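Down below is the structure, laid out as structure tokens.
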Amino acid sequence: MQHQMTYGTTTIEYTLIRKPDKKDVSISVDMYEGVRVIAPDGIEQVQIDQIMYNKAPWILKKQYGFREIEEQVSHHEFLSGEKIRYLGRSYRLKVTKQPIRTATLQFKNGKFSAGIPIHYNQEQQTEKLKNLCIDWYKAYGTVKIQERIKQYSKLMSLTPYSLLLKDQEKRWGSCTQKGELLINWRIMMAPLRIVDYVVVHEMAHLRIPDHSEAFWSFIKSVIPDYEERKEWLRVNGPMLNL
């Protein structure tokens, strides 16, 4: 359930999760999932508000640090010579101006090739090629992740209803009540072992909807080194962007 609190002139939004077996209140701040508060069923909202108020300076410091990281991430201009990441590797981009009506982008022989209309200025080139690159990630990523789902379905005895790669600013993936896997297209820049972690994580939610000990034990039975992969994503995730 979504909540918010005010600290000075700043509003802090957070997700509150109540668990009957929880004995105290825990707070986490994540670049993509935001602020999450897990609290016992019996604790009053006013007590949670006070704890959040006391923790506000720490929360804001963490959020400020995330904003600094985002500002340091270099964004593509989509010029010849730039490199585009796919499954943990970087591939060079070649851009040529051509007498065409609209821009094109393809991946062939280990490199990205783009054609742009002669009349495009730099702003148009960057915007159009960025959108084409995102479309490429979604299309190729869908094929690749479907392959991974097929492999892990056998190991986990679970099969999602459907798969969709989309833009998700605050999370790497999610699993709906209908069994749909929604995956952040940016994960296709990461090494395959990290993609696998996200896929297995969301598939595990088909059986266990929360992040209980049983959930993480199930993940570990499939990916024994999941904690290492999870940490890689926490550290390097902000860099997976265009």
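The values are calculated or read from the model by the stated rules, or taken from the named source; none is laboratory data. From a predicted model like this one, the values you see are computed outputs, not experimental measurements. Neighbour counts run over all protein chains shown; Cβ positions are idealised from the backbone, glycine included. Ligands, DNA and RNA are stripped out before the accessible areas are found, and what is left, the full protein with its side chains, is counted by its heavy atoms. Shrake-Rupley method; radii C 1.70, N 1.55, O 1.52, S 1.80 Å.
Quick notes
- Any pair with Cβ under 8 angstrom, 6 or more apart, that starts in region 137-160 at a residue that is over 13 Å from V222 (Cβ atoms) and ends at one that is in a helix (DSSP H, G or I) and among the aromatic types (F, W, Y): Y137/W185; K138/W185; G141/W185
- Verdict on E231 being out of contact with any helix residue (DSSP H, G or I) (no Cβ under 8 Å at 6 or more places or on another chain), buried (at least 20 other Cβ atoms within 10 Å of the Cβ) and within 30 Å of H75 (Cα to Cα): no
- Subset of region 175-195 [at pLDDT below 95 and β-branched (V, I, T)]: T176
- Entirely in region 70-164, the strands (runs of 3 or more DSSP E) that have 1 or more residues that are within 30 Å of T176 (Cα to Cα), open to solvent by less than 100 Å² (accessible area, probe 1.4 Å) and among the hydroxyl-bearing types (S, T, Y): 83-86
- When we screen Q168, Q125 for residues that are in contact with a strand residue (DSSP E or B) (Cβ under 8 Å, 6 or more places away or on another chain), more than 22 Å from A103 (Cα to Cα) and not small (G, A, S), the only hit is Q168.
- Listed by first and then second residue, the pairs with beta-carbon distance under 8 Å, at least 6 apart or on different chains, first residue in region 97-125 and within 14 Å of K83 (Cα to Cα), second of a type in the set (S, T, Y) and open to solvent by 100 Å² or more (accessible area, probe 1.4 Å), are F107/Y140.
- Pairs where the first residue, in region 198-220, is more than 17 Å from R234 (Cβ to Cβ) and the second is of a type outside the set (A, V, I, L, M) and surrounded by fewer than 16 Cβ atoms within 10 Å (Cβ to Cβ), C-beta under 7 Å, 6+ apart: L206/G179; F218/R207
- Count of residues meeting criterion [farther than 18 Å from R234 by Cα and either crowded, with 16+ Cβ neighbours inside 10 Å or among the β-branched types (V, I, T) (or both)] in region 165-174: 1
- When K178 is tested against (1) farther than 26 Å from Y14 by Cβ; (2) touching a residue at least 40 places away in the same chain (Cβ under 8 Å); (3) assigned to a loop (DSSP other than H, G, I, E, B), exactly one condition is not met: (2).
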